[in-house]
Every structure is written in structure tokens, then in C-alpha cells.
Amino acid sequence: MFLTQARTPRDTTKFPTAQLFVLALVRVAEPIALTSLFPYAWKLVLHYNVTNEANAAFYAGILISAFALAEACTSMYWGGLSDRIGRKPVLLLGCAGTLLSLLVVGFAPNFWIALLGRALGGVLNGNIGVIQTMVGELVTKPEHEPRAYAVMPFAWSVGTIVGPSIGGYFADPSKNFPSLFPPSGIFSVFPYLLPNLICALMLFGSIIAGYLFLEETHPDMQPWSTPADLDHTTAETPLLPTAGATAHAAANLATESYGTFDAIDVQKEETWHIKSDGRSLSVSSDPNKIIFTKSVVMLVTALGIFTYHSMTYDHLLPIFFQDTRVDYMSAFRTFPCSLAGGLGLTTQQVGIIMSFNGIIALFIQAVVFPIMAAWLGVWRLFILVIVGHPVVYFVVPYLAMLPQSLLYSGIYTCLTIRNFFSILAYPLFLILIKEASPSPAQLGKINGLAASTGAACRTIASPIAGLLYGIGVQMNLTALAWWASTLVAIIGALQIAFLKRQNKNTTLVRTPATCRLIPTEEPSRSVVVRISIKEADDHLDV
């Protein structure tokens, strides 16, 4: 295809600053489009009168999860298509699909058309895996990987800051800006069209930038490639785990670095076949090696639990913020009814708060995490954040009991606590899953299991949380949904007792016929190799 042709061969010895910048421009528009819905999803359902207020949270959850479900069902197809026709056309098509989804949601006359628009965006968008593949193909020098793989998570974080502010601030403009948008205009008929139009324009700019300046990275579609290269291509787009929440950009478990991390050292287990004369060496992975070990399964399960309760937080928070607030003075006299209702904030206020939440998350990701990881180490920090996670959900409903003068201080305190535990937890999961992998050659299958688990948990989290919130409204106890997430987080914390870090070193034992790398449990991260050679009565140890 004409979109796949590169202009001139790129110098692969230099850091691809320009190409990563263009790729980040394409990437940042996507989380802006996806997260702009969060502040007003609940209000959107109420606007369509599809249900009563008690069940609106459930329908809002379906609206949010529709994209993730559709994306999980089609991401493998788009990855495979990019292997055949090139990365660039699939990437631009994914952006166009998201743009179309925004327009359908903005002009939707009812809830079901809006739901169709969200699902359509997920079906047409396979950019998560394609973008990660392009980064890997742009970066050929190992010393460039830590910086390069930090760009896309950073772009995602920026998008989660800008997106909610657009969705919250520009929703229902006829009501919030009557002098600019008259009640008789189109934005009165479609009150949530404006934020979708703004995001669509940003995506259109990303498409233009990508079309003009982004180069094809497929290794067999370069100027020097031949038609035979495509017939025997080994290029492959990885399946990526679905992000745990809006704060977590998806990451490829098969890469050697993620976000703020340097390369993660994971040793192989291989069989070396050697003839008796010591020559004709070949290497192969052990075909009988168990891939889904107990450690892998337990860690992937823990990641699924974390993905579930983290997604419930993102869904419940804007609904709780906008729900009707009870009088806090009477709250102390009517416990537990003191935990009924929400905070009574406007959609604009929610958008601004969620944008500041993104800034807090970005600061913790860039500054706090490296300090904490260096101080406590991966395993102890992992235990800290998993055990502390139930507090994140338990304290939120008590914000309704704060006086107005302390409300915003309480909100930002809760958001800081949540971001500290959540931002630190997700990359730690990736490290531990990678360490638990029996071999780097098996990371693709483990990656697929993590992707499926994350997608499934992310898809069901929002509807279940919304359903529980509606039941809580009927019981005059909206804290029910938050406490249910607390219980799930406690289950995740109890799982620590069954987890064990796989910190593997390697022992190499050689015989005349075979040479096997055997993992050993030792506290050091460095590789210790012992070679034992024995023939007849001679013995040599190195």
C-alpha cells in the first residue's frame, strides 16, 4: 500500500525522536477521546431517560465497558492485519474508527445508538498493540529502549489529564454557557455533542500528522524490501494486556522495559545439543517446560483482581461526585444513612478534578515510583501497595460526611492515596509476571493470558459496580458499591500468601551430549554460571 512506503532509509543508530513524537501525537488523542466520556456518562444515561436514577450507574457502566469488550474481541485481528499490510494504515484506520465513534455518540438520539457508537470504536480500534509494535521496530539499540518505551505511557497519561477536562467542561454547553450556545441550537438537542466534536477534531489532526510525517516501520515493507519478504515475514504484533484503568497505559509483557523502568533481566532455560567432539552447537527451548506454572497463574489472577477493582474506582468516582449530597450535619445523627448520596458536584467540577487526578498520577509515575522502587525493592513495594489497596475504596464514601470547607482537601487526599497504590501496583505486576515466566520464549502465551484476563475483568467491572451502586441507592447506602470493591481488594491482598517472587539465577551443567540451563533460587540478580565437564576420569570445574 502507498501508505507503507518510507521516504528515505532512517539512521537506526540514532534515537528516533521525530518519529516517536509523531507517534505520541497519534497516541495522545486516543485516551483523550476515551476518557472524555467518564465525567458525563452517568448524566448521559439520565438525559436519554433510558432508566431511573437508581439504575443509571449500571447503564453507564455498560456504555463505558462496550469499548473495552469490542476492542478485546478484535485486537488480534488488527494486529494480524498490520503484519500483512503494514503498521501505518492500520494505525490511521484505528484513529478514524475512534473519530467515527465520537461522532456517533455525540449525535446519538438515544442510549442504544450511543452504545453502538462506543462498541463501533472498540471494533475499529486495534492501536494498542500496533503502536507498541511500532515503538519496538523504531528502536533497534538496547540503550534506547528505556527512553523509547516511556514515551507511550507518558502520552497516555497526558491524554487522561486532558480528556476528562474536555468532557466535563464542555458537556451540556447550552446550560453552562447560554450566551455562547443558545437553548434553541443544536447543542441543546445534543447536549454532549460539543466534547465529542472537540475530541474528534483532535483525532483528525492526529490522522493528518500521522499521514504526512509517520513512516512505515514494518521490517518487510521498507524501500529495500522485496515481494518475497512479505511471503516469509516474521513480523508479529503482540497481544497486550488491557490497561487496568484510565491511569494505566497498556504495556507489552514481552518487552525489556516499561514506563520508568530500565530493562528487566529474565534468564532463559534452554537445552544445548553438542556432539561428542564439542562442536555443532544448537540451542532450543525445552518443549516439555510447563508454561502456566502456579506462580504465573497466581500472578495473572492477582492482576485480574487488581484490574477489576481499579476499573470500578474509575467508573464509580464521577457518579459519586455528581450524586445528590445529603446534609452532612444530619449525617452524624442518621448513621448508616450518612453514607447515602454523593457530593453534589457539577459535571464541570468533576472534569477539572479528574484532570488534576491525572496530574497527580503522572507525578507519582515519573517521580515517586522510581524512588520507592529503589528504596524498598520490587517485592516489598508490591506487598505494600497490594495490602494497602483496600483503604483506597473504603474511605471514599466518607467524603460525604465532610463539611464543604474540607471537601476538596478530602477529595485530593483520597485521589493521592489511590494513585500512590494504583500507579505503583500495575508496573510491579508486569515485572513479577515477567520474572515468573519459565522462559522469554513463552512470554507471548503468558501475555495472551494476561490480556484475556485483563480484558474480561475490565469489561465486567463497570456494569457490576454500577449495579451495586443502584442497589445502594435503593437501600439509602451508596457506600455499598465502594465496600464491595474494598472486599475484592482484600481478596487480592490475601492472595499475597500464595505468591512467591521468582528471582531466577542460572546454573549451566554440561555433559558430552547435552548442556542445560537450570534456574536456581538465589537472592542475587546477577547470573552465576557453573560449568562442569566430566569425561572418563578427568574432571574440570570452571
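Quick check: residue separation of S179 and F363 times 0.36 nm, minus the Cα distance between them. What number comes out in nm? If you can, show how the numbers build up before the last one.
On the way: separation 184, 0.36 × 184 = 66.24 nm, distance 3.74 nm.
This chain segment gains 62.5 nm when fully extended.
Please list, ordered by chain and number, the residues whose modelled amide H lies under 5 Å from the amide H of L345; skip anything fewer than 5 residues away on the same chain. So L345 has HN proximity to Q322, D323. Close amide H partners of E216, meaning residues 5 or more places away or on another chain with modelled amide H under 5 Å apart, are A6.
Can you give the local net charge around M475? Use residues other than it whose beta-carbon is closer than 15 angstrom to its beta-carbon, Lys and Arg +1, Asp and Glu -1. Before the final figure, lay out each step's value.
Values: positive: none; negative: E53, D323.
Within the 15 Å Cβ shell, the charges total -2.
Computed 3J(HN,Hα) for segment 345-362, one whole-Hz value per residue from the Karplus formula 6.51 cos²θ - 1.76 cosθ + 1.60 where θ = phi - 60°, is 8, 7, 4, 5, 4, 5, x, 5, 4, 5, 5, 5, 4, x, 5, 4, 4, 5, glycine and proline marked x.
Remark: relative contact order (segment 37-137) = 34 percent; criterion is Cα-Cα distance under 8 angstrom and separation of 6 or more residues.
Take the alpha carbon gyration tensor of segment 451-502, find the square roots of its eigenvalues, order them as a ≥ b ≥ c, and report rounded if a/c is under 1.5; if not, report prolate when a/b exceeds b/c, else oblate.
Taking the square roots of the gyration eigenvalues as a ≥ b ≥ c, segment 451-502 is oblate.
Let a ≥ b ≥ c be the square roots of the eigenvalues of the Cα gyration tensor of segment 351-402; is it rounded (a/c under 1.5), or, if not, prolate (a/b larger than b/c) or oblate? Before the final figure, lay out the partial values.
Details: a/c = 3.79, a/b = 1.40, b/c = 2.71.
The shape class here is oblate.
Once a ≥ b ≥ c are taken as the square roots of the eigenvalues of the Cα gyration tensor of segment 67-111, is the result rounded (a/c under 1.5), prolate (a/b larger than b/c) or oblate (a/b not larger than b/c)? Because a/c hits 1.5 or more and a/b fails to exceed b/c, segment 67-111 counts as oblate.
What's the whole-number percent of alpha carbon pairs in segment 74-167 lying beyond 14 angstrom?
On the way: 3129 of 4371 pairs.
Within segment 74-167, distances greater than 14 Å cover 72 percent of Cα pairs.
Once backbone amide H atoms are built at 1.01 Å from N, Y192 has D172 as its partners under 5 Å, excluding neighbours fewer than 5 places away on the same chain.
Calculate the FRET efficiency for R84 and V189 from the Cβ-Cβ distance with a Förster distance of 56 Å, rounded to the nearest 0.05. Don't skip to the answer; put the middle values down first.
Working: r = 43 Å, r/R0 = 0.77.
Taking R0 as 56 Å, the efficiency between R84 and V189 is 0.85.
Derived scalar couplings between HN and Hα for segment 24-34 equal 5, 4, 5, 5, 5, 5, 5, x, 4, 5, 6 Hz in order, rounded to whole Hz, by the Karplus curve 6.51 cos²θ - 1.76 cosθ + 1.60 (θ = phi - 60°), x for Gly and Pro.
Laboratory data are not the source of any read-out in this text; all were calculated from the coordinates shown. Note that the structure is predicted; figures quoted are calculated from it, not measured. Glycine gets a Cβ as well: all are built from the backbone with ideal geometry, and neighbour counts include every protein chain shown.
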